[in-house]
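Below: the structure, in structure tokens.
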Amino acid sequence: MLAFALIYDGGSRLDAARLGNVTRQIVRDWVMRFNTNGPDGLIDGKAPGPKSLLNDVQRAALAKAIERGPTPYLDGVVLWRLCDLAQWIWGEFHVSVSEQTLSREVRAMGYRKLAARPKHYAQDPQAIEDF
């Protein structure tokens, strides 16, 4: 803000850059953002990141596949894992998606990994009931 005050008092951008300990290009960018959006333009927003590899139609088909579950004789698995879903996406849409990216996509769609709680082979059901 001191750099802006110096500019509005008639100082040069070079002097403002020295005062802010930045380059003239950064001061120019600040001035452009300030002139466009006012003081709120100086707040750094979250970077948008890369766009999704899957479009809405593909995402809907993925959700349908997750909901119906795999068909063992067609898909070769009895339970969807991320690596299996990535292969399914490649087979259906020829889109290569890493497991990490697919995990983010699936979580954004509202799905979570669910696993059954392990059960000891020698567990006595009557002892549980008595407890």
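The values are calculated or read from the model by the stated rules, or taken from the named source; none is laboratory data. The shown structure was predicted, so the numbers you read here are calculated from the model rather than taken from an experiment. Using ideal geometry, Cβ is built from the backbone for each residue, glycine included, and neighbour counts are taken over all protein chains shown.
Per-structure values
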read-out: Tabulated pairs, region 55-69, first assigned by TED's automatic domain parsing to the domain that holds GLY91, second acidic (Asp, Glu) and part of a helix (DSSP H, G or I), C-beta under 7 angstrom, 6+ apart or interchain; value: ALA61/GLU92
read-out: Residue that is farthest from the chain's Cα centre (by Cα) [pool: residues in region 36-66 that are loosely packed, with under 10 Cβ neighbours inside 10 Å and under 17 Å from SER96 (Cα atoms)]; value: VAL57
read-out: Residue match in region 49-70 (condition: outside any helix (DSSP H, G or I) and within 30 Å of TYR8 (Cβ to Cβ)); value: no
read-out: Filter pass, VAL97 being assigned to a loop (DSSP other than H, G, I, E, B), closer than 12 Å to LEU54 by Cα and in contact (Cβ under 8 Å) with a residue 40 or more places away in the chain; value: yes
read-out: Residues located in region 73-126, provided they are small (Gly, Ala, Ser), within 20 Å of the chain's Cα centre (by Cα), exposed (fewer than 12 other Cβ atoms within 10 Å of the Cβ) and on the phi < 0 side of the Ramachandran plot; value: SER96, ALA108
read-out: Matching option when the condition is of a type outside the set (Gly, Ala, Ser), under 30 Å from ALA3 (Cβ atoms) and out of contact with any Asp or Glu (no Cβ under 6 Å at 6 or more places or on another chain), among VAL31, VAL57, VAL78; value: VAL31
